Amino acid sequence: MYTHLQQRDSDKPPVTISTLEKMKTEGTAIACLTAYDASFANLVDEAGVDLVLAGDSLGMVIQGHPTTVPVTVDDVVYHCKAAARGLTRSFLVGDLPFLSYTTPQEAMSNSRRLMQEGRAKMVKLEGGAMQVEIVEYLASRDVPVCAHIGLKPQSVHKLGGFKIQGRDKASAKQMLADAKALESAGADIVLLECIPNELGAKITSELKVPVIGIGAGPDVDGQILVLYDILNITIGRKPRFAQDFTVGGRSPIDAVKAYVEAVRNGDYPAPEHCFS
Ligand code: KIV
């Protein structure tokens, strides 16, 4: 049965890549969040979140590790599957974890798992120009790809910590070139993490594909945060770009609705969530 045709005619049709592209063109900010299980996925879907990421941040917020490095493909497939069962409208992206895409063939077989077993509609991978070959390989075989650049949490041990990226002229120039190369290779979304506002704005204005930011300032096409940060249930210190949306005693669903509204009307991110 062609259920997608029935869903397309519903009052809340499922978000597709075309929806996200149209939102960029029309200037409607895209609201994105992570979710790792059916109940929370259903809650964020109901609250109007456009894109849900079953991210490898699950290693930190669910498994309690200090980094995302220990996360495996099996872990992401498990959480993707669970999140997919809770979604009706939101677009599900599955994260390829650390060292699960070292060759085009490995990237393809793990993307197959995220899409066929996990029911993700897109895969996300971290890396700049060095991932062009992988992105080309996946994109030319119709695997939708989100390319994550700027701060790459999987590289934390190489970087020596979770640090702001693209602050000097040379690295900003390189990041812009990487973003363009990834778009040319077929990336459908570029995600920017922890970079100065000005660079986020520049990359967004130069790319045709939607650009989603996390700590990348207000002038991107959409925002993403870790769900547990906005619900203020993350253990320990939260990143500067995180905002607690439960203030005033909001319920979880009201907190997520407040986040979606703040993203749409530009109230989030505020200057205190940004970098220069
Ligand atoms: O794994 C994750 O949740 C992410 C987002 C924070 C962008 O990569």
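Read-outs throughout are calculated quantities, based only on the coordinates presented, and are distinct from any laboratory measurement. Treat the numbers as computed from the prediction; the structure is a model and nothing was measured. Reconstructed Cβ throughout: ideal geometry from the backbone, glycine too, with neighbour counts over all protein chains shown.
Measuring from label point to label point, each 7 Å out along Cα→Cβ, what is the H157 to D244 span in nm? My value for the distance between the label points is 3.3 nm.
Tell me the mean residue ellipticity at 222 nm calculated for the chain from its helices only (DSSP H runs of n ≥ 4, each -39500 (n - 2.57), averaged over every residue, nearest 500).
Working: 12 runs with 109 residues, N = 276.
Calculated at 222 nm, the ellipticity per residue is -11000 deg cm²/dmol.
Once you charge only the Cβ atoms, +1 for Lys and Arg and -1 for Asp and Glu, what is the size of the charge dipole of the chain about its Cα centre, to the nearest 20 debye?
Values: 28 positive and 33 negative charges, 46 e Å.
I would put it at about 220 debye.
Considering only Q7, P196, I17, the residue lying farthest towards the positive end of the dipole of the chain is P196, judged by Cα position with unit charges set on Cβ. Put the Cα centre of segment 131-168 next to the Cα centre of segment 109-125 and the gap is 17 Å. Using only the C-alpha atoms, the convex hull of the chain corresponds to 123 Å³ per residue. Segment 32-50 and segment 176-199 have Cα centres separated by 25 Å.
The alpha-carbon atoms of segment 216-276, seen along their principal axes, cover 30, 26, 17 angstrom, with the largest extent given first. Since only L125, G94, V226 are under comparison, the one whose Cα sits farthest along the positive direction of the charge dipole of the chain, derived from C-beta charges on Lys, Arg, Asp and Glu, is L125.
The three principal axes of the Cα atoms in segment 61-176 give end-to-end lengths of 44, 36, 28 Å, sorted in falling order.
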